[in-house]
Structure formats: C-alpha cells, structure tokens
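Asks: Structure below; questions to follow.
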Amino acid sequence: MEAVIKTASFKEKTNKVMGVNPLDAKLSKSYFLVTFIALLLGGTFGLMQGLNRGGLLELPSWLNYYQVLTAHGLLLVVVFSAFFTIGYFYAGMSHTLGGLLPKVRKMGWIGFWLKMIGLVLVVIPVLMNEASVMYTFYPPMAAHPVFYFGLVFVVLGIWMCSIGAFVQVANWRKNHKGQHLPILSFFATGVFVLLVGATAFVAVEVLFMIIPWTLGWVDTINVMVARTLFWAFGHTAVNIWYLTAVSAWYVIIPKVAGGRRWSDLLTRVVVIALVIMNITGGFHHQIVDPGISQTVKFMHVFMSLAIGFPSLMTAYALFAVLEKTARAKGGKGILGWYKALPWGDVRFLAPFIAMAAFIPAGAGGIAQTTNQLDQVVHNTMWIVGHFHLTLGMSVAMTFFGLSYFLVPYVSGRVLTPKINRLGVIQTILWTIAMILMSGSMHTVGLFGSPRRTSFSTYFDNATALSWSPYLIMIAIGATALFIAVLIQVYAVFNMMFFAPKGETEFPIADVEEGATKTPYWTERWGLWVVLGIVVIAMAYVIPLTDFIVNAPPGSPPFKTW
Amino acid sequence: MHRSEKVWLTLSFGMIMLFMIFAGYQAFALEMGPPSNEERIDPQKVDQTAPFDQPGVKQIGENEYEVVMTLQIFSFNPGKIEIPAGSTVHFTLTSKDVVHGFEIAETNVNAMVMPGYVQKITQKFDKPGEYLVLCNEYCGAGHQLMATTITVK
C-alpha cells in the first residue's frame, strides 16, 4: 500500500515538474474552443426554439423552427459533446500516459480538421434549408447530399482520433507490461472503442444506403434497415457522453472533494459492462415500430434494462465515496456529513448536481425502455425532458465543472476566485432553469404534447390549448438557460485567454486505502470487444435479417419542408 | 464489497427483474404489448392496395369499428371521425410518403407509421368528447398542422 501511494505521489510530482506538454495542451485547447462555440450557437438556437414553442416568438421563414431544431440537435448532441469528450480524453491520456506520442498528436489534429470540414459541409445545407431532417435524418426524408458527405467526414475524424487513442494506449501497454492502464485512460479506451462501434453503424447507413440513394444511383431505400442502423449509433452516442461524465465522477471528483477513488476493480467492471452492453440499448427507440415482433421487442427490454445495472452500481459508488470523504474531513451525523464537502468549489458543485440529476434521469430511462410505459410517452415532450436531464444536466454540467480546471490547465492559466464564484452562480442558474424546463417537458409530455413540433394550437383544439402554460414555462426555462450559456462561455474564454498565468492541477484521485490489487483480467480489451460483438449479434442479427429478407418495396427520397 | 452495497445491488437487480416480469406479463398475458404489426405493403402503391384503396370507417360488429387510414403530408385520411361512446376501434394505418407518428392525446394510442409497413392499434373509447389525433414524428414543414379529431358521442 505504501508503495502504491509513493508511486502515485511520485507520478504527481513528475507531472507537476514537467507540467503539461504545450503541444498536447494546444490540441485539447482547440477542441475546447470549438466545444464552447458550439455551446453558444446551440444555446442560441435553443432559446429561439423555446420561445417559439411557448408561442412567444414567430420565427422568420428563412430560419424556420425545423432548421433551428436540426442545428440545435447537431451542435449540442454531436459537436459540443464529441469535441469536449475528445479534448478531455486526449488531455487525460497526455497527463496519465506520459505525454502524447508525436504521431498520436498528429492524428488528433487530422481528426480535428476532418471533423471541422464535416461540420462546415453539414451546416451549409442546414442553413440553406436543404437539410431540415433533424439529428435522426430518417429516410425516406432526404437532405441535400452534401449534408451526408459532411457526416462522413465527421465520422472519419472520430475514427482518426480513436485510432490515435488506441496507438497511444498500445504503446503504453508495450512499455508497461503487466501493469494496469491508468484509470482515466482505461475510461478513454472504453469511450473510443464505443465511438468506433457506434459510428460504424451510421457509416454503413450513410455510405452504403443514403448517399447512393440521394445521388440517384438507386431509386429506393429500405427505411427500417436505415432506422435500425441509426439507433444503434444514435443512442450509443449519448451513452458515450454519459460514460465520459461517469469517468470524471469516478476519477476526478473524489480528488476535488479531497478524497480517494472507489474500488479500482469495481470501477473497471463498470466500464467493461458499459462497453459490452451499450450498443444494443438503442433498439428501445423502436418499441412502437411496425415490422418487429413482440418477442424481439421483449428481448430488447432486457438488453436496454441491462445497461441500468452498471449505472446503479455507479450510483452507490459515488455517493459512498463522497460520504467517506466527508467523514474523513470531520463530517458527522447520518446526513450531516454533507456539510464537509466543498460546495463553494464549482469544480465540485456542478458535477455533484450532475450526478444527483442522474437519479431521476436514470429512473426515467428505465421507464422508457419498458415496452408499455414507453408507448405512453414515445415521441412526446417527455422524451425531450428526459434527455435534457441526462445530457443537459448529467453530461453538460459535468463538462462545465471540468472546464474550470481543464481549460486553465491547457491554457497555462489559473482559475481565479472571481471566475469560480461566477461558475457557482452559473451552476445554480442552470440547475433551476433545467429543473423548470425539464419538469414542464416531462409533464406536458404525459398529457400528449408531441416533440419536434413548432408552436401549434392544432386549430384551437381544447386539449392542445391546455398545454400552453407548460410550454410557456419551457420558454422561460430556455431563456434562463441561455443566460447561463452566456456566463459559461464567458468563463471559458476568460480562463482560455485572459486569466492570470500559472500552473493548474489535473486532479486525479488515488486508489482507496488498503485496496487489494486489481486482477489483471480487467485489461483484456480484445475479449471485451469480442463479447460486445456477440451481444450486438444477439440483438441485431434477427431483426436486421428480417428487414432485409422480408423487405417491402423501398421508398424514393422526399423533401417535405 | 460492503454489506450495504450487496443489499443495494441485490435490490437493483430485483427491480430490473420486476420491470421485466411486469412488461412480459402485460405484453404476453394481457395482450397490452406495443403495436407491432408485421404486414408489408408497397409504399408507392398504397392507393391501389386493399384495404387502403378504400380508406374510411367501417362498423364490423356491435360497438366495434375498423378505421382504415392513410397518413401523408400533412393529413390523416379519413379525418374527423365520429363514433358512439363505448366503441372499440381497430386502426389500420400506413404512410404514403415519409415516416409519421399516430398519437391520440389523452389515450395510450401511440404508434410509428412507416412507409412499407401496415401498422395496427386498437383503442376502446368509453368517455365521450373530442379526442385530438396528431402526428408525433417530424414529417416536414407542415408537421405542426398534421392533426384531426375523433368525436366520441
């Protein structure tokens, strides 16, 4: 045990002395710059939508609701999350694996520019109203081909970054035979494995189905195959952002709170479980689809609920760690120990609220994966409320909290008390606004108000009119969130370019005291990938084969906006 | 592993199993499963294919009706349906163009309607009133206007 602490503190010292490699820092800093510009733009679009949906703002015909919604979804679900995740894990790998290899850094940059090219190609048709097809772009709705070319570039960029991460990890393992991958890089490996797995499905959908069809090389498309491939990607993507947040909850937040990590073995088991079982979870988006038997749907209830188990392990672990930390710092009483936690530190406060938000968010998720319960809320505002809890709170607030050390860390600057205070205010405002907005969305969704629909009274229908108070609450929530976005973006730019120069710590918690050695089988990534593929095959071979073999005549492209 | 953690994980596992059992019991014993009809249709020949060549409301028994309906941008055909209170209505649905959603607000009727597939869902209407039927899957510029009503007298 002594030895473990010694090597850990030795590592910390070397990192302090050597600091962050400026070339690695610049890479992550560029990723964070794009992250928060995407947040600003995505947040602005969110405000416009919220106001429109509440009936308070009529959008001009040249920038309609569905254009704005497509941009809002893509900017926040894809750009904001992916750029933060990659910037964070590249910084984490640089920190815990002794600096990025030059070729890995180069791959990080190639990935960056491939994604930027993709982004421009996606945004242009959206702004020209040639691609108002939403984040899901379900065929037979067809956008301009350039939109899909852009998506291909984004996927190629993600693959490039994933390969870079694998090269970095493989190199470290070669030089550290028999050692466990440092925990943050272990999470990074899981995340990049899932990114490749998830994007593989959407790549097949876009490259082999949609592009030939929008270019007119084939006349029709198999809509159910496309839809199924999309959800194998679409849901996994958001689970990857969640796994990224979870990595910070296990590895970083205990250190910020002044404590140690949860059991190393159980942490690694959670990562492995989430990697193996994740991709098949997407099928619950198709619970009320035609063409899929009740039996297959029921099997998928199990497939989706299974992901809940590692999350429930996480829930216990995190609150147990915080209690232990608080008690070690003198916290007393059954619940009174919470007073000993650093509530005034935004690096703790924001991720803590993010974790707490995952309790109702996860419960909602479990309800939605269960067939009959999902039928009540499918495609209603409830779903929008759900992912504003999961992504808008659990993921985004964790990312915000991390930005208060990551951004100064990669910028060679420090977090000032003033910015910390601003961050605390931002966190409180975001929390109140999100609870208000998401709460209203859940409620009005239960009453039947549909998602992805611009303001409509449905010809003054009494039922639709009764939704108005909730929709106005959503508009108020969106306005407060927009103010919080402005504060967050201001804080990031301050820490990136204007804060006082200095060294910032990358907080990584040590293993718990008296920990037993983690068995080495946790490092068998080849096996985890194979098991993941087996689970995917169990889930998808039967329905996909059925959709292909018993396919109805396909659909031609439609532009309905 | 602490005792409390073992208890927690056992409860977690038990809860997931309970969800499975309830979902399975409701789906297979009570026939409350989600709409999952498996018939196929040529999406470009809906108008020529029975029963969609004659969309409409048909009484098929005492207090029992069949509604054969097509969904297309941005309407339901037939719309403005009227039925007596206490009727059971079997909806047979398909799309003539893009993906649509079929939702009746304040009921549990909620189904995806995909081109190429015939979707079916049944609902008993006990309470008189005007029910709002709407498309809950984004289908284009007029999606927010794609709605009709079912009047239960």
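The values are calculated or read from the model by the stated rules, or taken from the named source; none is laboratory data. In this text, all values refer to a predicted model and were calculated from it rather than measured experimentally. Counting neighbours? That spans all protein chains shown, and the Cβs are built from the backbone with ideal geometry, glycine included. Ligands, DNA and RNA are excluded from the accessible area calculation, which covers all protein heavy atoms including side chains. Shrake-Rupley method; radii C 1.70, N 1.55, O 1.52, S 1.80 Å.
Asks: Pull up segment A:516-543, narrow it to residues that are open to solvent by less than 40 Å² (accessible area, probe 1.4 Å) and more than 30 Å from A:His300 (Cβ to Cβ), then point me to the one that is nearest to the chain's Cα centre (by Cα).
Replies: The extreme case among them is A:Glu523.
Asks: Report whether or not B:Gly140 is at the interface with another protein chain (Cβ under 7 Å from one of its Cβ atoms), farther than 17 Å from A:His285 by Cβ and over 12 Å from the mean Cα position of the chain (by Cα).
Replies: yes
Asks: Something else now. Out of the residues in segment A:532-545 meeting the condition of being over 27 Å from B:Cys139 (Cα atoms), touching a residue at least 60 places away in the same chain (Cβ under 8 Å) and of a type in the set (A, V, I, L, M, F, W, C), tell me which one is farthest from the other protein chains (Cβ to nearest Cβ).
Replies: A:Ile536
Asks: Being away from every other protein chain (no Cβ under 12 Å), over 20 Å from the mean Cα position of the chain (by Cα) and modelled with pLDDT of 95 or more narrows it down to one of B:Gln48, B:Gln59, B:Gln44, so name that one.
Replies: Going through B:Gln48, B:Gln59, B:Gln44 in turn, just one is away from every other protein chain (no Cβ under 12 Å), over 20 Å from the mean Cα position of the chain (by Cα) and modelled with pLDDT of 95 or more: B:Gln48.
Asks: Another question, then. Test each condition in (1) within 28 Å of A:Met141 (Cβ to Cβ); (2) touching a residue at least 60 places away in the same chain (Cβ under 8 Å) for A:Leu274 and report the one that comes out false.
Replies: In the conditions (1) within 28 Å of A:Met141 (Cβ to Cβ); (2) touching a residue at least 60 places away in the same chain (Cβ under 8 Å), A:Leu274 misses (1) alone.
Asks: Working only within segment B:80-90, note down all residues that are surrounded by 13 or more Cβ atoms within 10 Å (Cβ to Cβ) and within 12 Å of another protein chain (Cβ to nearest Cβ).
Replies: Hits for segment B:80-90: nothing passes.
Asks: Then there is this: Find the residue count for segment B:34-44, including only residues that are open to solvent by 20 Å² or more (accessible area, probe 1.4 Å) and farther than 21 Å from A:Gln368 by Cα.
Replies: So the answer is 5.
Asks: Let me ask something additional. Return only the number of the condition from (1) farther than 16 Å from B:Gly116 by Cβ; (2) open to solvent by less than 60 Å² (accessible area, probe 1.4 Å); (3) in contact (Cβ under 8 Å) with a residue 60 or more places away in the chain that B:Pro55 does not satisfy.
Replies: (3)
Asks: How many residues does segment B:19-31 hold that are in contact with a Phe, Trp or Tyr (Cβ under 8 Å, 6 or more places away or on another chain) and either aliphatic (A, V, I, L, M) or open to solvent by less than 60 Å² (accessible area, probe 1.4 Å) (or both)?
Replies: Going through segment B:19-31 one residue at a time, the tally reaches 4.
Asks: Considering segment A:279-295 alone, what residues qualify as being over 23 Å from A:Met355 (Cβ atoms) and open to solvent by less than 20 Å² (accessible area, probe 1.4 Å)?
Replies: Answer for segment A:279-295, where residues must be over 23 Å from A:Met355 (Cβ atoms) and open to solvent by less than 20 Å² (accessible area, probe 1.4 Å): A:Ile279, A:Thr280, A:Gly282, A:Phe283, A:Gln286, A:Ile287, A:Val288, A:Asp289, A:Pro290, A:Gly291, A:Ile292.
Asks: Let me ask something else. Within the group B:Leu9, B:Leu93, B:Leu18, B:Leu71, which residue is farther than 20 Å from A:Asn371 by Cα, assigned to a helix (DSSP H, G or I) and aliphatic (A, V, I, L, M)?
Replies: Numbers: B:Leu93 fails: assigned to a helix (DSSP H, G or I); B:Leu18 fails: farther than 20 Å from A:Asn371 by Cα; B:Leu71 fails: assigned to a helix (DSSP H, G or I).
One residue alone meets the criteria, B:Leu9.
Asks: If you don't mind, another one. Just checking, how many residues over segment A:546-561 are open to solvent by less than 70 Å² (accessible area, probe 1.4 Å) and either more than 14 Å from chain B (Cβ to nearest Cβ) or part of a helix (DSSP H, G or I) (or both)?
Replies: Going through segment A:546-561 one residue at a time, the tally reaches 2.
Asks: Of the numbered conditions (1) in contact (Cβ under 8 Å) with a residue 24 or more places away in the chain; (2) at the interface with chain B (Cβ under 9 Å from one of its Cβ atoms); (3) farther than 19 Å from A:Thr70 by Cα, A:Val444 satisfies every one except a single condition; which is it?
Replies: Here A:Val444 clears every test but (2).
Asks: Same structure again: Give me a count of the residues in segment B:29-41 that are more than 7 Å from chain A (Cβ to nearest Cβ) and out of contact with any strand residue (DSSP E or B) (no Cβ under 7 Å at 6 or more places or on another chain).
Replies: Here the count works out to 3.
Asks: Just to verify a result, which residue in segment B:1-18, among those that are open to solvent by less than 90 Å² (accessible area, probe 1.4 Å) and among the β-branched types (Val, Ile, Thr), is farthest from the other protein chains (Cβ to nearest Cβ)?
Replies: So, considering only residues that are open to solvent by less than 90 Å² (accessible area, probe 1.4 Å) and among the β-branched types (Val, Ile, Thr), the one farthest from the other protein chains (Cβ to nearest Cβ) is B:Val7.
Asks: In the set A:Tyr135, A:Tyr90, which member is surrounded by 19 or more Cβ atoms within 10 Å (Cβ to Cβ) and either closer than 26 Å to A:Val191 by Cα or within 14 Å of chain B (Cβ to nearest Cβ) (or both)?
Replies: After applying the criteria, what remains is A:Tyr90.
Asks: Going by what's in this entry, would A:Ile210 be described as surrounded by 21 or more Cβ atoms within 10 Å (Cβ to Cβ), more than 20 Å from the chain's Cα centre (by Cα) and within 29 Å of A:Phe230 (Cα to Cα)?
Replies: Values: surrounded by 21 or more Cβ atoms within 10 Å (Cβ to Cβ): yes; more than 20 Å from the chain's Cα centre (by Cα): yes; within 29 Å of A:Phe230 (Cα to Cα): yes.
So A:Ile210 fits the description; yes.
Asks: Quick one: A:Phe192 ticks every box in (1) under 21 Å from A:Trp521 (Cβ atoms); (2) in a loop (DSSP other than H, G, I, E, B) bar one, so which box is it?
Replies: Here A:Phe192 meets the rest and fails (2).
Asks: Please go through segment A:302-316 and pick out each residue that is free of Cβ contacts under 8 Å to residues at least 12 places away in the same chain and more than 11 Å from B:Glu5 (Cα to Cα).
Replies: A:Phe302
Asks: Residue by residue through segment A:257-271, note down the ones that are open to solvent by 10 Å² or more (accessible area, probe 1.4 Å) and either aliphatic (A, V, I, L, M) or under 14 Å from A:Phe302 (Cα atoms) (or both).
Replies: Selection gives A:Leu265, A:Leu266, A:Val269.
Asks: Here is a follow-up. Closer than 23 Å to A:Asn371 by Cβ and part of a loop (DSSP other than H, G, I, E, B): which single residue out of B:Glu31, B:Glu103 fits that description?
Replies: Being closer than 23 Å to A:Asn371 by Cβ and part of a loop (DSSP other than H, G, I, E, B) holds for just one of B:Glu31, B:Glu103, which is B:Glu31.
Asks: State all residues of segment A:154-180 that are over 23 Å from A:Ala82 (Cα atoms) and either charged (D, E, K, R) or open to solvent by less than 10 Å² (accessible area, probe 1.4 Å) (or both); if no residue qualifies, say none.
Replies: Selection gives A:Arg173, A:Lys174, A:Lys177.
Asks: Here is a check on your reading of the model: is A:Val424 touching a residue at least 40 places away in the same chain (Cβ under 8 Å), among the β-branched types (Val, Ile, Thr) and either open to solvent by less than 20 Å² (accessible area, probe 1.4 Å) or over 29 Å from A:Met441 (Cα atoms) (or both)? Spell out how you get there, then give the answer.
Replies: Values: touching a residue at least 40 places away in the same chain (Cβ under 8 Å): yes; among the β-branched types (Val, Ile, Thr): yes; either open to solvent by less than 20 Å² (accessible area, probe 1.4 Å) or over 29 Å from A:Met441 (Cα atoms) (or both): no.
No, not satisfied.
Asks: B:Thr70 is checked against (1) more than 12 Å from chain A (Cβ to nearest Cβ); (2) in contact with a Gly (Cβ under 8 Å, 6 or more places away or on another chain) and fails just one. What number does that condition carry?
Replies: It is condition (2) that B:Thr70 fails.
Asks: For A:Leu114, work out the one condition from (1) at negative phi; (2) open to solvent by less than 10 Å² (accessible area, probe 1.4 Å) it doesn't fulfil.
Replies: For A:Leu114, the exception is condition (2).
Asks: Can you pull out every residue in segment A:439-459 that is open to solvent by 40 Å² or more (accessible area, probe 1.4 Å) and closer than 22 Å to A:Leu63 by Cα?
Replies: Matches in segment A:439-459: A:Phe455 only.
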